[in-house]
Amino acid sequence: MSDATRERGGHMDLQAGMPVDRARSEGRAVAAWPQLLPLARLMQTARRFFRSAGDLALPPTCLCCDRLVASDQALCFHCWHEMPFLAPPWCQRLGLPFAYDLGPGAVSPQAIAKPPVYDRLRAVSAYSGPARALVARLKYHDRPSVSRAMGRWMARAGDELLVMDPAGAGPPLLVPVPLHPFRNWSRRYNQAGLLAREILRARAHVEICADGLRRVRATRRQVGLDASARAKNVRGAFAVSREGALAVAGRRCVLIDDVHTTGATANAAARVLAKAGAASVDVLVFAHAGADRPLG
Ligand SMILES: [Zn+2]
């Protein structure tokens with residue numbers, strides 16, 4: 001099956017038509033925005049060109065700290081050693097690691113006290129040390145190339161979620177958590193979309209609906225908000241797109257995001273997918289905040 005067939009959701013185009021009043025509601029300067037658009041695009045293109053040229057000319061460096069390494073898309077010994085990778089045994093629902101093996105299907109007290117809307121969550125690592133630095137590079141430092149290794153690790157961490165269904169319900173459908181169009185424009189890419197594409201490369205049997213979800217409301221950045229403020233911030237922020245409605249009905253969906261913090265975003269997105277008829281919704285992220293120490 002070709003990528004074009006599997007990829008039902010299209011791509012992450014730059015958003016050129018952002019209404020001024022919506023941008024103003026985000027507290028951004030908008031007066032000169034339309035006039036600056038060609039210049040901004042030129043600078044983005046130049047930045048991409050010089051980065052690509054640099055990639056060809058320079059020796060490979062650590063994805064995280066830029067020390068020289070033997071091969072491309074790798075961590076140095078120090079960062080690898082410090083990376084807080086997660087491994088079983090873990091909570092069947094939240095993917096939080098246990099200090100002891102409590103048997104198959106064991107669920108953490110956190111999942112019992114506050115069951116998530118989604119079914120299962122899996123993550124590559126805790127959200128600290130080099131994992132936190134990698135996420136920052138991907139999101140804030142204009143380094144989309146780090147998504148290649150991050151996506152490969154996510155494919156491995158999400159093995160349980162990405163298996164073909166023996167009951168014949170079809171392959172899992174990856175649904176990246178979307179950015180608001182204005183943020184997508186300013187960053188040039190949606191980091192969750194890049195990670196989903198790398199997972200697709202690593203697991204050829206899965207499918208993707210890149211634009212299955214839409215952000216229908218601009219939200220504040222979640223950084224610095226507590227759990228209830230985060231939940232309030234993303235309430236009603238997501239909707240299933242028209243192509244998403246066709247794609248997700250009856251399917252096992254796997255939401256893709258870079259970080260899981262309180263679960264507010266994942267729960268809000270899972271809620272609309274379930275309402276659209278998804279057979280199940282799992283979540284696969286790169287980093288899991290709160291998974292620093294094994295439970296028990
Ligand atoms: Zn390093």
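Computed values, structure above
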quantity: Set Ala210, Ala149, Ala133: member being in a helix (DSSP H, G or I) and out of contact with any Cys (no Cβ under 8 Å at 6 or more places or on another chain); calculated: Ala149
quantity: Checking Ala291 against (1) among the small types (Gly, Ala, Ser); (2) free of Cβ contacts under 8 Å to residues at least 40 places away in the same chain; (3) part of a loop (DSSP other than H, G, I, E, B), the condition it does not meet; calculated: (2)
quantity: Residue among Val117, Val135, Val146 that is crowded, with 18+ Cβ neighbours inside 10 Å and within 27 Å of Arg252 (Cβ to Cβ); calculated: Val135
quantity: Selection count, segment 86-105, where residues are out of contact with any Gly (no Cβ under 6 Å at 6 or more places or on another chain) and surrounded by fewer than 17 Cβ atoms within 10 Å (Cβ to Cβ); calculated: 7
quantity: Answer residue from segment 207-235, given it is in contact with a Pro (Cβ under 9 Å, 6 or more places away or on another chain) and either of a type in the set (Lys, Arg) or without any contact (Cβ under 8 Å) to a residue 60 or more places away in the chain (or both) and is surrounded by the fewest Cβ atoms within 10 Å (Cβ to Cβ) among those; calculated: Arg214
quantity: Checking Val234 against (1) out of contact with any Lys or Arg (no Cβ under 8 Å at 6 or more places or on another chain); (2) of a type in the set (Val, Ile, Thr); (3) within 20 Å of Ser147 (Cβ to Cβ), the condition it does not meet; calculated: (3)
quantity: The lone exception for Ser147 - which of (1) small (Gly, Ala, Ser); (2) within 16 Å of the ligand (Cβ to nearest atom); (3) under 23 Å from the mean Cα position of the chain (by Cα) it fails; calculated: (2)
quantity: Filter result for Leu162 (more than 25 Å from Arg221 (Cα to Cα), aliphatic (A, V, I, L, M) and buried (at least 23 other Cβ atoms within 10 Å of the Cβ)); calculated: yes
quantity: Single residue of Arg143, Arg122 found to be of a type in the set (D, E, K, R), modelled with pLDDT of 95 or more and under 24 Å from Thr265 (Cα atoms); calculated: Arg122
quantity: Close pairs from segment 49-66: first over 23 Å from Pro130 (Cα atoms) and in the same structural domain as Tyr140 (by TED's automatic domain parsing), partner assigned to a helix (DSSP H, G or I) and modelled with pLDDT of 60 or more, Cβ under 7 Å, at least 6 apart; calculated: none
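The values are calculated or read from the model by the stated rules, or taken from the named source; none is laboratory data. Given the structure is predicted, the values throughout are model-derived calculations rather than measurements. Every residue, glycine as well, gets a Cβ built from its backbone with ideal geometry; the counts of neighbours run over all protein chains shown.
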